[in-house]
Amino acid sequence: WSDHEVEKLFQLVELHGNQWSTIQDMLGRSAVDCRWKFQDAQKSYETGPWSSESVKLLLKSVRQLLQISKQEMDVREINEWTLRHDMKIPWTTISHKVKRRRKDCYFKWKQMTKRSNQQAEELGLSPIPMAATKLKIDVRAEYFRWKAEQSRSSKWRK
């Protein structure tokens, strides 16, 4: 993104609000790119290393937005809960509460999940993936199964 494009993005957001599909046409960028660039370019988000208070706020915000009543749940337990209840963590809403960029919150959670799973494995427990990670694996597995079926059925037709 050039400085001119970012300036124009801010002007368009001022005119059209969060109508990213309208803004994308005027900038020649995808709506997702426009939204993420706008969020990244705003100065209201904190950057840099995470303080222990910020991590606690992240955990608290995730619990609140998922409406988890048990406040002692750690990252691993929350991931297990989201999988059991087929829920996704609303990272955009979390980012507004934590005052961090959406992707920073997501990657911090991913890092915390990795650490939590490493500790669990040391205790002999099985790792619990993040909901998005599990969904990606399932989609990939389904795709490869479908692809294999297609290739088998096309060989018989020849």
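Restricting the first member to region 1-16 and to residues that are touching a residue at least 24 places away in the same chain (Cβ under 8 Å), and the second to residues that are open to solvent by less than 100 Å² (accessible area, probe 1.4 Å) and aromatic (Phe, Trp, Tyr), the beta-carbon pairs closer than 7 Å and six or more apart or on different chains are 9/38; 13/38.
For region 40-92, a residue qualifies if it is under 16 Å from the mean Cα position of the chain (by Cα), acidic (Asp, Glu) and at pLDDT below 85, and exactly one does: 40.
Does residue 109 satisfy the condition of being under 30 Å from residue 1 (Cα atoms), in contact (Cβ under 8 Å) with a residue 24 or more places away in the chain, open to solvent by 30 Å² or more (accessible area, probe 1.4 Å) and aromatic (Phe, Trp, Tyr)? Answer is no for this residue. Which residue out of 126, 95 is open to solvent by 70 Å² or more (accessible area, probe 1.4 Å), small (Gly, Ala, Ser) and either at pLDDT below 90 or not in a loop (DSSP other than H, G, I, E, B) (or both)? Every option except 126 fails the conditions.
Checking 44, 30, 69 one by one, the residue that is among the small types (Gly, Ala, Ser), open to solvent by 70 Å² or more (accessible area, probe 1.4 Å), out of contact with any Gly (no Cβ under 9 Å at 6 or more places or on another chain) and without any contact (Cβ under 8 Å) to a residue 24 or more places away in the chain is 69 and no other. Report whether or not residue 114 is open to solvent by 30 Å² or more (accessible area, probe 1.4 Å) and closer than 30 Å to residue 5 by Cβ. In short, no.
The values are calculated or read from the model by the stated rules, or taken from the named source; none is laboratory data. Remember, predicted model here, so these are calculated numbers, not experimental data. Here the Cβ is made from the backbone with ideal geometry for all residues, glycine too, and neighbour counts use every protein chain on show. The protein model used for the area step is the full one, side chains on, heavy atoms only, and it has no ligands, DNA or RNA in it. Shrake-Rupley method; radii C 1.70, N 1.55, O 1.52, S 1.80 Å.
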